[in-house]
Amino acid sequence: MSVREVTEEERSKWPREVIVALEKAFVDARGEIQPIVDLTMESCVLITSVKGAVRANHYHRTDWHFCYVLSGSIDYYSRPTGSEERPQKVRVKAGELFFTPPMVDHAMVFPEDTVFITLGRNSRTQEAYEADVVRIPPIHE
């Protein structure tokens, strides 16, 4: 399984902050269309997590992902890979989008039952995922 290297052109399109401002929704008499992500990606997964669950505690070598919270909330912890600094903690609520670039240690803790969508650069087949992910000791509180 080969993993594509990240290019500078690709890197230049990434958000600079964890929470990503959503574009204005298109609204008419039929309802609304909310743009979420407009980048080339290979995966979209729906994840359900129960209150108290912990996910991640890893980093990706080349993968990035946007996560859009449909319901519930996530306490998201992140720091540069290899750093011993205290992770940044951000509470992400329903209707918010957040971004994780490659080489960022991250963990997600669920203070309530939560459903979110993850939109990723790389395939989420088990083989591709395992070739790119590096598990780390827990970084969350």
* Structure fact -> Subtracting the Cα-Cα distance of residue 91 and residue 125 from 0.36 nm times their residue separation yields 9.4 nm
* Asked: Rounded if a/c is under 1.5, else prolate if a/b is larger than b/c, else oblate: which is the chain, with a ≥ b ≥ c the root eigenvalues of its Cα gyration tensor?
  -> oblate
* **Charge dipole (segment 72-141, unit charges on Cβ, about Cα centre) - positive-most of 90, 115, 125** => 90
* Label point at residue 9 placed 7 Å out along Cα→Cβ; residues across segment 24-57 whose backbone nitrogen lies under 19 Å -> 38-42
* Selection from 45, 100, 56 lying farthest towards where the dipole of segment 36-103 points positive, charges on Cβ -> 56
* **Among 54-67, 123-136, the order from most to least packed when residues are scored by Cβ within 10 Å on average** => 54-67, 123-136
* Please calculate how many Å² of accessible area the chain carries per residue, with a 1.4 Å probe and no DNA, RNA or ligand atoms counted. => 58
* **Unit charges on C-beta of K, R, D, E only; dipole of the chain, Debye** => 240
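Percent of accessible area on segment 14-62 owned by carbon and sulfur, 1.4 Å probe?
It is 54 percent, rounded to a whole number.
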* Sorted by packing (mean other beta-carbon atoms within 10 Å per residue), highest first, where do 68-76, 6-14 land? -> 68-76, 6-14
* Asked: aspartates and glutamates within cross-link reach of residue 51: Cα-Cα under 16 Å, excluding same-chain residues under 8 positions apart?
  -> 75, 112, 113, 141
* Per DSSP H run of at least 4 residues, take -39500 (n - 2.57); add these up for the chain, divide by its residues and hand me the 222 nm value, nearest 500 deg cm²/dmol. => -1500 deg cm²/dmol
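The values are calculated or read from the model by the stated rules, or taken from the named source; none is laboratory data. These figures come from a predicted structure and were not determined experimentally. In this analysis, Cβ positions are derived from the backbone assuming ideal geometry, glycine residues included, and neighbour counts consider all displayed protein chains. Side chains included, ligands, DNA and RNA excluded: accessible areas come from the protein's heavy atoms. Shrake-Rupley method; radii C 1.70, N 1.55, O 1.52, S 1.80 Å.
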